[in-house]
1. Can you give the charge dipole size of segment 12-114 about its Cα centre, rounded to the nearest 20 debye, using +1 on the beta carbon of Lys and Arg and -1 on the beta carbon of Asp and Glu?
2. Using the Cβ atoms and a cut-off under 14 Å, what net charge is assigned to the surroundings of LYS104, where Lys and Arg are +1 and Asp and Glu are -1?
3. Restricting attention to the chain, give the cysteines that have no other cysteine Cβ less than 4.7 angstrom from their Cβ.
4. Using a Cα-Cα cut-off of under 27 Å, which lysines could be cross-linked to LYS104, ignoring same-chain neighbours fewer than 8 residues away?
5. Give, in nm to one decimal, the length gained when the segment between THR99 and ASN41 is fully stretched (0.36 nm per residue of separation minus the Cα-Cα distance).
6. Select from segment 1-94 those chymotrypsin sites (Phe, Trp or Tyr not before Pro) which occupy a DSSP coil region and have at most 11 other Cβ atoms within 10 Å, ordered by residue number.
7. Add -39500 (n - 2.57) for each DSSP H run of 4 or more in the chain, then divide by its residues: what number comes out at 222 nm, to the nearest 500 deg cm²/dmol?
8. I want to verify the translational diffusion coefficient of segment 12-114 in µm²/s; compute it with Stokes-Einstein, Rh as the Kirkwood radius over Cα pairs, at 37 °C and 0.692 mPa s.
Amino acid sequence: ILPFEGKDYWLMPKVHPAILMAWEKVLKQYTCLRGYSVVFNTANSKCSEIFGPLAAIDMYIHQSAHVFFGPACEYSVAPVARFSYYWGIPVLSAGALVTAFGDKKEYRLLTRVQVSSNKHQMSPS
């Protein structure tokens, strides 16, 4: 559940191929997972407090999600991360950068995956 267009780092066209590559690597490394069928559903959050949660609700109602990758934008991720505990669906987000998202009483199944700022720096040649 990510925006399909915009200027953010976490756009679906950038992230979806990386998720598929990671899954391929997991399948090669862990043979016990072979034979399992995995479907990666995508939805456009539009970085919206409306479209992000609606996408999550739709996936929940249709039982098509065991984990949410995203949303990432604060207004989208906040309600989804709150609902997810009651649905039993964890949320992995590269966004949710605001400190308040670290409150595990409110965002119980939210895991924020981020690199530290020094990882973004280029090393001198």
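Here, each number is a calculation from the coordinates, and none is a lab measurement. Only a predicted model underlies this, so the values are computations on that prediction, with no experimental measurement involved. Positions of Cβ are generated from backbone atoms using ideal geometry, with glycine treated the same way; all protein chains shown enter the neighbour counts.
1. Numbers: 10 positive and 6 negative charges, 66 e Å.
Charge dipole of segment 12-114: 320 debye, to the nearest 20.
2. On the way: positive: ARG82, LYS105, ARG108, ARG112; negative: ASP103, GLU106.
Charge balance in the 14 Å sphere: +2.
3. CYS32
4. Leaving aside lysines fewer than 8 places away in the same chain, those within reach of LYS104 are LYS46, LYS119.
5. Values: separation 58, 0.36 × 58 = 20.88 nm, distance 2.85 nm.
Residue separation times 0.36 nm, minus the Cα-Cα distance, leaves 18.0 nm.
6. Working: sites: PHE4, TYR9, TRP10, TRP23, TYR30, TYR36, PHE40, PHE51, TYR60, PHE68, PHE69, TYR75, PHE83, TYR85, TYR86, TRP87; in loops: PHE4, TYR9, TRP10, TYR30, TYR36, PHE40.
Listed in order of number, the matching sites are TYR9, TYR30, TYR36, PHE40.
7. Numbers: 3 runs with 43 residues, N = 125.
Computed ellipticity for the chain at 222 nm equals -11000 deg cm²/dmol.
8. Working: Rh = 14.3 Å.
Result for D is 230 µm²/s.
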